[in-house]
Amino acid sequence: MKNVFNELSRTNTKNTRGHGILEPLLARQRAKVANHLIPDHLRHGRILDIGCGSYPYFLSHTYFKEKFAIDQLVKPKSITNINWFSLNLNKDPNLPFEDEYFSVITMLAVVEHLDPSSLIKLFKDAHRKLIPGGMLVITTPAAWSDGLLRLMARLYLVSPEEIDEHVYVYTLPLLGWYFGKAGFEMAKIEFGYFEFKLNLWATARR
């Protein structure tokens, strides 16, 4: 595998979404967590990052044979090595790909922006689009941190635009329930926290 983690140590001044003093640091932290969760053998296939933002930091700092991105925004002209799809998955939570197409699908700081009914449909479609043994990777703020994040947004430490768009908060058991509704087996689901338990991560294998 290429030296993914050395790339993560490089300074990045681009925000993935919105504007906030800590946004570049938070993007690096999410990418670091996601990269640690993804096993090497899955990197020989395709990855889809849903909700990559205006600058696809994670996809630009991970190694995969093929990279795909979905966001409501149009593809930046500077991005040339990522297959980009401009879609609103809140309105139409369907992934325009063949079944069993991806080895990994990531949703980093995305689920809190989606309507819960759209999220269930999207998780079900993600389950179909993953190869057997493929992995769905999620990061999202912990439910208890919502008030703190809104305070930080008022101080412009994190993006006010992003925090204002949060429509739901999640706990680990609740994410597990959503995974189960989508067809993932409970024995193939793992959870954890990062950034002083301000954020949580979850993986589900098909």
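The values are calculated or read from the model by the stated rules, or taken from the named source; none is laboratory data. All figures in this text were calculated on a predicted structure; none of them were measured in a lab. So basically every Cβ, Gly included, is an ideal-geometry build from the backbone, and we count neighbours across all protein chains shown.
Considering the stretch 123-145, the residues that are at pLDDT 95 or above and assigned to a helix (DSSP H, G or I) include one that is nearest to Y168 (Cα to Cα), namely F123.
Among the residues of the stretch 175-203, the ones that are farther than 23 Å from A31 by Cα and among the hydrophobic types (A, V, I, L, M, F, W, C) come to 5 in all. Scanning the stretch 42-51 turns up no residue that is at pLDDT below 90, surrounded by fewer than 21 Cβ atoms within 10 Å (Cβ to Cβ) and not aromatic (F, W, Y). Would you check which residues across the stretch 98-110 are free of Cβ contacts under 8 Å to residues at least 60 places away in the same chain and buried (at least 17 other Cβ atoms within 10 Å of the Cβ) and list them? Result: Y101, F102, I105, M107. Just the residues that are surrounded by 15 or more Cβ atoms within 10 Å (Cβ to Cβ) and part of a helix (DSSP H, G or I), please, taken from the stretch 151-173. Across the stretch 151-173, the qualifying residues are M152, A153, P160, E162, I163, L172. Per the conditions (1) modelled with pLDDT of 95 or more; (2) out of contact with any Pro (no Cβ under 7 Å at 6 or more places or on another chain); (3) of a type in the set (K, R), the sole criterion not satisfied by R206 is (2).
Quick one: is V74 at pLDDT 90 or above, β-branched (V, I, T) and over 20 Å from K124 (Cα atoms)? Here the answer is no, as V74 does not meet what is asked. Between residues in the stretch 159-175 that are free of Cβ contacts under 8 Å to residues at least 24 places away in the same chain and residues that are part of a helix (DSSP H, G or I), which pairs lie under 6 Å by C-beta distance while being six or more apart or on different chains? Once the first residue is free of Cβ contacts under 8 Å to residues at least 24 places away in the same chain and sits in the stretch 159-175, its partners that are part of a helix (DSSP H, G or I) give I163/L149; I163/R150; I163/A153.
For the stretch 174-185, the criterion of being out of contact with any Leu (no Cβ under 9 Å at 6 or more places or on another chain), small (G, A, S), more than 28 Å from E23 (Cα to Cα) and surrounded by fewer than 17 Cβ atoms within 10 Å (Cβ to Cβ) is met by at least one residue. Taking the stretch 179-206 as the range and being in contact (Cβ under 8 Å) with a residue 60 or more places away in the chain and assigned to a helix (DSSP H, G or I) as the test, the residues that pass are K181, A182.
If you filter the stretch 84-93 down to residues that are in contact with an Asp or Glu (Cβ under 7 Å, 6 or more places away or on another chain) and surrounded by 15 or more Cβ atoms within 10 Å (Cβ to Cβ), you find that the one that is modelled with the highest pLDDT is P93.
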